[in-house]
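Q: Next up is a structure, given as structure tokens.
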Amino acid sequence: MTQELHIVGGGMAGSEAAWQAANAGVHVVLHEMRPKVETFAHQTGNFAEMVCSNSFRSDDDERNAVGQLHWEMSAAGGLIMEMARKYRLPAGGALAVDREAFSQSVTEQLRAHGNISFVEEEVTTLPSSGNWVFATGPLTSATLGGAIAAASGADRLAFFDAIAPIVYAESIDMSVAWRQSRYDKGESEEERTAYINCPMTHDQYEAFIDALLAAEKTEFHEGETAGYFDGCLPIEVMAERGRETLRFGPMKPVGLTNDHDPQNKPYAVVQLRRDNALGTLYNIVGFQTKMKHGAQASVFRMIPGLQDAKFARLGGIHRNTFINSPTLLDAQMRLKSHPHLRFAGQITGVEGYVESTAMGLLAGRMAAAELQGREVPPPGPDTAMGALITHITGGAEAKTFQPMNVNFGLFPPIDAKGGRRGRKDRYKAYTDRAKETFTQWLEGQT
């Protein structure tokens, strides 16, 4: 039993943690309450289901911190990145995937692993013994959340994530919309035309903002407050911050030229990104929303090109639970008050698929090593993974702790001069240094 590791949650982080620990020779028991206990956001009982978006964001491992994190997870034999690349879709410089094929493949790989067994039940308490990793993500059940709060001696924190709608491609009016990735990014024609763009004039944009602000919104339950993470703001919340906010966010028109009217620059542009391999579904990029469903259909059909849109899924909103990791977790991602319990994924206060998966990868490796009588130290803080774990286990200010995406601002500074060109060189220097340090970290575990 000393070689048995229990992992709670079969999302991105839990799936990766199970894969890493099982490959290290530890027997893993993976607990997942779905499909026996459903959530409003999930559609299947598969592992690593993508709920909000089908994108892992930038795949540039030379000048982007997210891309560097992709590189590190691949170098560490990550299952999530392997399956993401296997089922990738054209998305310019981003790594987008066919979400159903991706999740199904992750599920098959885990179920075929000889060191992993499965329990389909809800875990509602924190066990007093054994070795556990909790990777229950943003939809941690209220019962388990209460147990975590009681064990940690601190109130759990919560904000809300919103889900963007998905449109059937055949219902998009391509006599109005056109295909183009921003700044024509991508090495192939398919990549350079990965997005569908819907242009707006000034008057159309103003009318859209009016309708957005006036639309009926989802009400919160008593006692809940909307402490949104800035990286996933509902579009109506952005609009409330200023009428031009969306034009400098998801509706920015830069880097795009309307094929139907190349002489006139759109005042604003709504982008849609392919959501499956068949190209039959597209999600509206950055259009997370808490509008009620009836209002959504009406408002979104005001977008030129989407006037006859048919929706495969409308947007929604859900609670996102995370702990105050800087005060609660040690450098091995263990709960200080109960060191037989580890936490991983979004519940630790990282934000995004990639970041959550990376914390699962580390938790799985660390837990397996501990069971085998050794220790895996965190990667150096000049790596993408190291920067994240350093941030959540002590680098962040506990009093103001909020979920964080990976970014170069979390890395130790590096010298580079020369304006904009210097910034590009500096980013490359960050990733060169990170690759060297991460490679050394991996070699130290063999």
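The values are calculated or read from the model by the stated rules, or taken from the named source; none is laboratory data. Computed from a prediction, not measured in an experiment: that's the story for all the values here. We place every Cβ from the backbone using ideal geometry, glycine too, and count neighbours over all the protein chains shown. These accessible areas exclude ligands, DNA and RNA; they are computed on the full protein's heavy atoms, side chains included. Shrake-Rupley method; radii C 1.70, N 1.55, O 1.52, S 1.80 Å.
Q: How much accessible surface area, in Å² rounded to 10, belongs to the heavy atoms of H202 with a 1.4 Å probe?
A: Roll a 1.4 Å probe over it and H202 shows about 90 Å².
Q: Can you pull the accessible area of T125 for me, 1.4 Å probe, Å² to the nearest 10?
A: 80
Q: Could you tell me what % of all Cα pairs in the range 231-304 have separations over 14 Å? Please list the in-between numbers first.
A: Numbers: 1838 of 2701 pairs.
Of all Cα-Cα pairs in the range 231-304, 68 percent lie more than 14 Å apart.
Q: How much net charge surrounds V176 when only other residues with a Cβ under 15 Å from its Cβ are counted (Lys, Arg +1; Asp, Glu -1)? It would help to have the intermediate numbers written out before the result.
A: Working: positive: R179, R301; negative: E170, D173, D259, D261, D308.
Local charge sum for V176: -3.
Q: I'd like the orientation of helix 99-112 relative to the chain: the angle between its Cα long axis and the longest Cα principal axis, in ° from 0 to 90, rounded to 10.
A: 20
Q: If you average 1/r over every pair of different alpha-carbon atoms in the chain and take one over that average, what Kirkwood value in Å do you get? Provide the component values of the computation, followed by the final result.
A: Numbers: mean 1/r = 0.0442 Å⁻¹.
That comes to 22.6 Å for the chain.
Q: Run the quick spin-label model on H27 and Q263: label points 7 Å from Cα toward the beta carbon, then report their separation in nm to one decimal.
A: 7.5
Q: Further, regarding this structure: R0 = 35 Å: FRET efficiency of D330 with M174, Cβ-based, nearest 0.05? Provide the component values of the computation, followed by the final result.
A: On the way: r = 54 Å, r/R0 = 1.55.
Efficiency, rounded to the nearest 0.05: 0.05.
Q: OK, next. Would you please state the base-10 log of I(q)/I(0) at q = 0.23 1/Å for the range 287-366, with intensities from the Debye formula using one equal scatterer on every alpha carbon?
A: Ignoring solvent entirely, the Cα scatterers give -1.01.
Q: Let's test the formula: R0 of 35 Å, r as the Cβ-Cβ distance of D203 and N407. What FRET efficiency results, to the nearest 0.05? Each step should come with its number before you reach the end.
A: Details: r = 37 Å, r/R0 = 1.05.
Between D203 and N407 the formula returns 0.45.
Q: Another question, if that's okay. If you count only protein heavy atoms and use a 1.4 Å probe, how large is the accessible surface of E397, to the nearest 10 Å²?
A: Around 110 Å² of this residue is reachable by solvent.
Q: Follow-up question, since we're still on this one. Rounded to the nearest 0.05, what FRET efficiency is calculated for A214 and F118 with R0 set to 51 Å and r the Cβ-Cβ distance? Spell out each step's value before the answer.
A: Values: r = 48 Å, r/R0 = 0.94.
Here the calculated transfer efficiency is 0.60.
Q: Using only the Cα atoms of the range 334-446, construct the convex hull and provide its projected area averaged over every direction, in square nanometres to one decimal. Working shown, then result.
A: Working: hull surface 32.4 nm².
The number I arrive at for the range 334-446 is 8.1 nm².
Q: Related question: Summing -39500 (n - 2.57) over the DSSP H runs of n ≥ 4 in the chain and dividing by its residue number, what mean residue ellipticity at 222 nm do you reach, to the nearest 500 deg cm²/dmol? Don't skip to the answer; put the middle values down first.
A: Working: 13 runs with 142 residues, N = 446.
Mean residue ellipticity, 222 nm, calculated: -9500 deg cm²/dmol.
Q: Using just the C-alpha positions of the range 329-368 as equal point scatterers, what log10 of I(q)/I(0) does the Debye formula give at each q in 0.17, 0.18, 0.22, 0.35 1/Å?
A: Summing over Cα pairs of the range 329-368 leads to -0.38, -0.43, -0.62, -1.17.
Q: Please list L246, L442 in order of solvent-accessible area, largest first, computed with a 1.4 Å probe with all protein chains present.
A: Final ranking, largest accessible area leading: L442, L246.
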